[in-house]
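Reviewing the structure listed below.
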Amino acid sequence: GAVVSQHPSRVICKSGTSVKIECRSLDFQATTMFWYRQFPKQSLMLMATSNEGSKATYEQGVEKDKFLINHASLTLSTLTVTSAHPEDSSFYICSAVTAGDTQYFGPGTRLTVL
Amino acid sequence: GESVGLHLPTLSVQEGDNSIINCAYSNSASDYFIWYKQESGKGPQFIIDIRSNMDKRQGQRVTVLLNKTVKHLSLQIAATQPGDSAVYFCAESHRSSYKLIFGSGTRLLVRP
């Protein structure tokens with residue numbers, strides 16, 4: 001089946017630093033990937049759509065200068081949280097769309113900002 | 001839009017019983033619906049999907065029912081097992097976009 005990986009699985013950083021999270025489709029190519037965030041006991045909230053070779057499309061209320069997305073290849077999208085603050089602490093999850101239009105999710109990255 | 005809820009509704013069932021998890025979706029233009037299972041600390045796992053031209057689809061031990069008239073989706077799990085304990089989310093989408101809008105989720109607890 002389609003496998004999506006994320007790295008790192010957990011990261012702790014100091015306030016004001018930047019953190020990069022990688023999302024990889026391991027056995028398929030994905031023109032489109034998505035980034036979500038999830039707070040405890042809540043549902044997934046779509047942050048942005050990552051398209052290979054073009055700029056990401058951000059959802060309303062998501063700061064594009066704070067959450068930088070780069071989709072440099074058909075198997076890799078990265079999310080960089082710039083100048084992270086404690087309120088950015090969350091579970092970040094990516095997904096990738098297969099050629100058959102099914103969306104598979106990564107295992108998530110737990111970000112804790114001190 | 002964002003689905004917010006501080007307290008997930010919980011469904012508690014006896015092992016071996018059937019479970020029914022319900023979801024009301026918001027957009028009448030949505031034409032693709034998916035159920036995901038999420039275990040603690042993990043990403044959502046695809047369970048089953050259904051397109052709007054169908055009202056029922058069956059998988060292994062799972063059935064999804066779609067009622068477009070009342071914008072209602074349900075997931076039926078037969079012979080529920082302890083490994084089915086998780087949070088279940090429905091999601092809706094439109095064929096013109098891969099963007100998923102997630103429901104607020106239901107926690108399924110399976111009693112041994």
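The set of residues from segment A:47-68 being modelled with pLDDT of 95 or more and of a type in the set (A, V, I, L, M) comprises A:47, A:48, A:62, A:68. With respect to (1) without any contact (Cβ under 8 Å) to a residue 12 or more places away in the chain; (2) assigned to a strand (DSSP E or B); (3) out of contact with any Asp or Glu (no Cβ under 9 Å at 6 or more places or on another chain); (4) not β-branched (Val, Ile, Thr), the lone exception for residue B:57 is condition (3). Scanning segment A:104-114 for residues that are outside any strand (DSSP E or B) and facing another protein chain (nearest Cβ under 7 Å) yields A:106, A:107, A:108. Only residues that are more than 14 Å from the chain's Cα centre (by Cα) and surrounded by 14 or more Cβ atoms within 10 Å (Cβ to Cβ) were counted across segment B:18-60, and they come to 5. Residues that are β-branched (Val, Ile, Thr), within 13 Å of the chain's Cα centre (by Cα) and more than 10 Å from chain B (Cβ to nearest Cβ) number at least 1 in the following strands (runs of 3 or more DSSP E) confined to segment A:13-63: A:19-25. Taking the criterion of being surrounded by fewer than 17 Cβ atoms within 10 Å (Cβ to Cβ) and in a strand (DSSP E or B), the only residue of segment A:77-103 that qualifies is A:80. Considering segment B:66-98 alone, what residues qualify as being without any contact (Cβ under 8 Å) to a residue 24 or more places away in the chain and buried (at least 17 other Cβ atoms within 10 Å of the Cβ)? Passing the criteria: only B:98.
Looking at segment B:68-79, which of the residues that are part of a strand (DSSP E or B) and touching a Phe, Trp or Tyr at 6+ places or on another chain (Cβ under 7 Å) is farthest from residue B:25 (Cα to Cα)?
Here the answer is B:75.
I need a count of the residues in segment B:80-100 that are more than 27 Å from residue B:13 (Cα to Cα) and in a strand (DSSP E or B).
1
The values are calculated or read from the model by the stated rules, or taken from the named source; none is laboratory data. The shown structure was predicted, so the numbers you read here are calculated from the model rather than taken from an experiment. Reconstructed Cβ throughout: ideal geometry from the backbone, glycine too, with neighbour counts over all protein chains shown.
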